[in-house]
Amino acid sequence: MSQSDKLNRRDFLRLSGLGVATLFAGPLLSGCTSAEQGTAIPTATTAELEIALQAMRGEVSILPGKATRVWRYQGQVTKGDPASLQTLDSYLGPILRVRRGQRVRIVFTNNLSEQSIVHWHGLHVPDDMDGHPRHAIGPGQTYVYEFQVLNRAGTYWFHPHPHKITGPQVYKGLAGLFLVSDDEEMAAGLPSGEYDIPLIIQDRTFDADNQLLYLPGGMMDQMMGFLGDRILVNGQPDFVLPVATRPYRLRLLNGSNSRIYKLGWEDGTPLMVIATDGGLLEKPVQRSYVVLAPGERVELWVDFSGRPLGSELRLQSLAFAGAEATRMMMGRAPALPNGSEFTVMRVRVERESEEKQALPERLSTIPRYRLEDAVNREKPRAFTLTMQQMLWTINGRTFEMESVAKDEVVKLNTIEVWEFVNQPGSMGMGMMGGMVEEMAHPMHIHGLQFQVIKREVRPEMTANWETVSAGYVDEGWKDTVLVMPGERVRLLLKFEDFTGLYLYHCHNLEHEDLGMMRNYRVTA
Ligand code: C2O
Ligand code: CU
Ligand code: CU
């Protein structure tokens with residue numbers, strides 16, 4: 001059967017409602033909140049929100065002078081509330097806004113010249129709705145997504161996930177936000193509307209003609225990960241956020257291919273963190289800086305009241321060590337290495353506001369998984385991150401499209417403890433005497449949100465680690481966790497509602513494209 005036959009058959013199943021019936025039968029009966037359990041289960045397509053989404057070429061003006069050729073998503077609401085889709089004045093976007101419990105149907109058309117597929121990062125959806133590379137579609141083809149939004153309120157996002165070309169496709173501009181709201185979030189009393197601002201942080205390199213340059217150093221750049229020399233926020237360089245003298249909710253996404261940010265205000269004002277990847281924390285936590293690795297989100301509550309009109313405040317990325325200890329030894333050094341200090345954006349106080357809003361003391365409820373409930377508590381499932389034969393590997397393996405190893409099979413409705421181990425030298429020598437193994441890996445697991453319960457670092461690697469460790473926010477739900485060199489990070493995760501094949505991988509997109517990705521299978 002040819003690729004297009006398969007696609008046609010799959011689409012036919014979807015369109016005829018057959019696929020949808022099976023899709024909605026399982027999850028709704030088991031894993032939802034009490035509010036949802038009373039809802040009747042639909043047996044056919046009843047999406048309240050329908051969106052046509054295409055990936056296409058475009059041109060946007062980013063720098064003065066010539067427009068930049070980009071790839072971008074373009075969306076349109078074909079059924080439901082038009083406010084569910086918001087465009088950004090950028091190659092980025094759109095922003096999709098949905099409610100928990102809502103049934104959505106997204107018809108994705110690939111108008112690019114190569115294969116692609118959309119992945120909903122952080123969402124808990126059936127495996128054939130998750131945008132696995134095995135579901136990639138060719139130019140001109142369409143993939144229909146249909147799922148119910150089961151996730152709690154939070155800042156989720158979407159981006160391409162085709163085999164070996166995720167990095168370049170995201171780099172060219174393909175990424176958008178998937179913002180979920182729910183009753184719990186509404187009750188928390190956070191700044192909303194124009195005071196709720198998404199900020200997508202990325203880095204890019206432009207050539208003299210204002211065009212995007214990807215991996216100019218070839219294979220070496222790919223092994224380390226792309227690092228651009230310009231910082232863009234919401235697709236714009238030298239980004240300035242105009243604000244009023246009142247509190248804001250800032251939703252930060254690190255949408256960069258491989259750059260890690262250590263975010264802090266220039267004047268040392270502490271950051272008040274209210275949410276992580278999987279939504280609101282139980283209560284706000286304060287940090288002097290926050291570390292945000294590729295794929296991660298963090299939400300801040302920031303009060304600009306009391307700041308003088310016309311004043312500016314810089315959001316900096318502060319210096320840190322160890323994320324790419326060995327790049328220098330490999331030859332070409334990037335203009336702006338990981339860990340160098342630079343300005344991410346400026347905030348300018350442009351308007352007086354009398355509006356007061358207090359920072360809520362409680363934000364949400366997070367049920368805690370317990371280690372003693374993990375089926376493998378005696379022997380955590382360990383995933384060792386190393387470089388072998390110029391490829392990044394997980395437990396010595398690189399990506400295979402359909403297969404899973406014995407130690408990558410888990411059981412539905414169980415809690416497990418997983419460990420990501422980034423301890424160079426532990427698996428024998430990599431190239432250059434193991435030196436190249438010293439890299440940070442932001443590890444991402446598809447299909448669920450997990451809880452980080454423990455971090456350990458090798459004593460001899462503590463000094464570098466301590467330049468970032470106070471910036472971790474492990475208090476909330478996570479789908480991506482930074483594992484620094486020397487570190488061993490322990491997670492609790494639960495496999496619920498869906499069986500099937502899901503990915504886990506490094507969200508350094510060049511590492512991912514080089515094979516630092518594997519499947520895990522949830523079995524009944
Ligand atoms: Cu954000 Cu598998 O990715
Ligand atoms: Cu993901
Ligand atoms: Cu990596």
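For this structure, a couple of remarks:
- Cβ-Cβ under 7 Å pairs, at least 6 apart or on other chains, the range 119-134 side in contact (Cβ under 8 Å) with a residue 12 or more places away in the chain, far side assigned to a strand (DSSP E or B) and within 16 Å of ligand 3 (Cβ to nearest atom): H132/L503
- The criterion of at least 1 residues that are under 30 Å from Q449 (Cα atoms) and touching a residue at least 12 places away in the same chain (Cβ under 8 Å) is met, among strands (runs of 3 or more DSSP E) falling completely within the range 189-300, by 196-204, 230-233, 247-254, 261-265, 271-276, 279-287, 290-292.
- Checked against (1) of a type in the set (D, E); (2) more than 15 Å from ligand 1 (Cβ to nearest atom); (3) at pLDDT 95 or above; (4) within 29 Å of E510 (Cβ to Cβ), D89 passes all but condition (3).
- Test: residue in the range 310-330 that is over 30 Å from G228 (Cα atoms) and either among the aliphatic types (A, V, I, L, M) or touching a residue at least 12 places away in the same chain (Cβ under 8 Å) (or both): yes
- In the range 472-524, the residues that are within 14 Å of H132 (Cβ to Cβ), within 16 Å of ligand 2 (Cβ to nearest atom) and basic (K, R): R518
- Tally of residues being closer than 17 Å to L232 by Cα and in a strand (DSSP E or B) across the range 49-88: 7
- Strands (runs of 3 or more DSSP E) fully within the range 468-524 counting 1 or more residues that are among the basic types (K, R) and more than 13 Å from ligand 1 (Cβ to nearest atom): 487-494, 517-523
- Number of positions in the range 149-174 that are among the β-branched types (V, I, T) and under 18 Å from Q74 (Cβ atoms): 1
- Of all residue pairs spaced 6 or more apart or on separate chains, those with beta-carbon atoms under 6 Å, a first member in the range 434-445 that is within 16 Å of ligand 1 (Cβ to nearest atom) and a second member that is small (G, A, S) and at pLDDT 95 or above are P442/A293; P442/G295; H444/G295.
- Qualifying residue in the range 74-82 (condition: buried (at least 16 other Cβ atoms within 10 Å of the Cβ), in contact with a Lys or Arg (Cβ under 9 Å, 6 or more places away or on another chain) and more than 17 Å from E146 (Cβ to Cβ)): no
- Considering residues of the range 453-464 that are crowded, with 19+ Cβ neighbours inside 10 Å and among the hydrophobic types (A, V, I, L, M, F, W, C) only, the residue nearest to R152 (Cα to Cα): V457
The values are calculated or read from the model by the stated rules, or taken from the named source; none is laboratory data. These numbers come from a predicted model, not from an experiment. In this analysis, Cβ positions are derived from the backbone assuming ideal geometry, glycine residues included, and neighbour counts consider all displayed protein chains.
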